[in-house]
Amino acid sequence: MYYILLAFCYGVSILPLWLLYFISDGLYVLVYHILGYRRKVVLENLRQAFPEKTDKERRLLARKYYRNLTDMMVETIKLLTMSSKSLNKRFDCDLSVFHKIYAEGRSVQLHLGHNFNWEWANLFAKNGVQFPFLVVFMPISNSAVNRMFRHFREKFGSVMIPANDMRNGMAPWIGKQYLLGLVADQNPGNPRRCYWYPFLNKMTAFYKGPEMSARRYNIPVVFGDIRKVRRGYYKAKLTLAFENPINEPEGRVTEAFVQFLERNIREQPEVWVWSHRRWKHEYKDEYAFENGGEDYPR
């Protein structure tokens, strides 16, 4: 099954982007208008995040989101045959902050949200830095699709670290320099062992792991913001958020990222993944305490 899927995607990938975007237009009609893929989830999430908007404005925003979603589908497939030169023409980012940290002999964490097109961002960053580039990912239940996405992401040499086996995945890199890319707005599995912060008008759970490792090993933390300039062109901005996170109080790194992410989402909401069931967990007062009543940031 994997090789059939790979052959099909390679066949699609050799098509020029203008033709792939024509296909994307058809996919948009199918996904949004005919199948209504998670349309209820998207509209509910938009209603929560933007109560000040009218229903008409939220529906318009939903349509823009689905157009970006199908664009990302074809753009991701295009990575199979896309050259580094072509990618660099369509994705722009100043990587000097990474060069500075590398020269200092330190590792670095990059915290991103699910903003389009993070797949292009991963490969662009890998091509432009001297670090070994480690990418944390959540394995997909379908083995063929999971293998396919690993193929996309490893094309230019990124090292994939499964989120459900971080300890073993990171073991070979202890004591070495690396750039660790984290899409840090995933929904945690255990609502009791995470940080809770207001996010898009709702108390929201965030993984502790990214901050804990940054503070434990004093790894600089860089926040990344991806913007869609126009169809097929993206620009990202990197911000050195914490040069020495070991000096920060617990929860501060995560809180700063949550605020950073929400600000960016509000400025260009159509590029964030609204079809994700991000708020599976409802906040309870008891989640503010753990380990026998020790308070941690909310």
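What follows is calculated from the coordinates using simple rules that are stated; it is not laboratory data. This one's a predicted model, so the numbers in the text were calculated from it and none came from an experiment. Cβ placement follows ideal geometry from the backbone for every residue including glycine, while neighbour counts extend to all protein chains displayed.
Phi angles of the stretch 106-112 translate, via the Karplus equation with coefficients 6.51, -1.76, 1.60 and θ = phi - 60°, into HN-Hα couplings of 10, 8, 8, 10, 10, 9, 10 Hz per residue; Gly and Pro are given as x.
Think of the chain as a dipole: +1 on every Lys or Arg Cβ, -1 on every Asp or Glu Cβ, centred on the Cα centre; then among SER83, TYR102, GLN259, SER83 lies furthest on the positive end. Pairs with C-alpha atoms separated by more than 27 Å, drawn from the list LYS56/LYS228; LYS56/LYS89; LYS126/LYS228, are LYS56/LYS89.
Its DSSP H runs of at least 4 residues, each contributing -39,500 (n - 2.57), put the calculated 222 nm mean residue ellipticity of the chain at -13000 deg cm²/dmol, to the nearest 500.
At q = 0.09, 0.13 Å⁻¹, what log₁₀ I(q)/I(0) does the chain have when each alpha carbon counts as one equal point scatterer in the Debye sum? These q points yield log10 I(q)/I(0) values of -0.46, -1.00. For VAL74, VAL253, the sequence from fewest to most other C-beta atoms within 10 Å is VAL74, VAL253. Local charge for GLU248 was computed over the other residues whose Cβ lies under 15 Å away, with Lys and Arg +1 and Asp and Glu -1, and equals 0. At q = 0.12 Å⁻¹, what is the base-10 log of I(q)/I(0) for the stretch 115-184 according to the Debye formula with one equal point scatterer per Cα and no solvent? Please give it to two decimals. For the requested q values the scattering log ratios are -0.30. Sort out for me the Cα centre separation of the stretch 130-188 from the stretch 72-105, rounded to whole Å. If we compute the Cα centre of each part, the gap is 16 Å. Binning the C-alpha pair distances of the stretch 56-212 at 10 Å intervals from 0 yields a P(r) profile of 9, 33, 36, 19, 2, 0 %, listed from the shortest bin outward. Rg/Rh, computed from the Cα trace of the stretch 1-81 with Rh as the Kirkwood radius, has the value 1.10.
Counting neighbouring Cβ atoms within 10 Å and putting the fewest first, the residues LYS284, LYS228 line up as LYS284, LYS228. Taking 32 Å as the limit for the C-alpha separation, the pairs LYS64/LYS85; LYS155/LYS208; LYS155/LYS237; LYS40/LYS235; LYS237/LYS280; LYS64/LYS176 exceed it in the case of LYS64/LYS176. Of the peptides 265-274, 152-161, the ranking by mean beta-carbon count within 10 Å, highest at the top, reads 265-274, 152-161. Based only on other Cβ atoms within 10 Å, what is the fewest-to-most ordering of ARG277, ARG215, ARG252? Placing the least packed residue first, the sequence is ARG277, ARG252, ARG215. Count charges around LYS78 for me, please; just the other residues with Cβ under 11 Å from its Cβ, Lys/Arg as +1, Asp/Glu as -1. The answer is -2.
Any idea how far the Cα center of the stretch 196-214 sits from the one of the stretch 1-50, in Å? For the stretch 196-214 versus the stretch 1-50, the Cα centre distance is 29 Å. Placing unit charges on the Cβ atoms of the charged side chains and taking the dipole of the stretch 119-232 about its Cα centre, the candidate lying farthest along the positive direction among ALA171, HIS151, GLY209 is HIS151.
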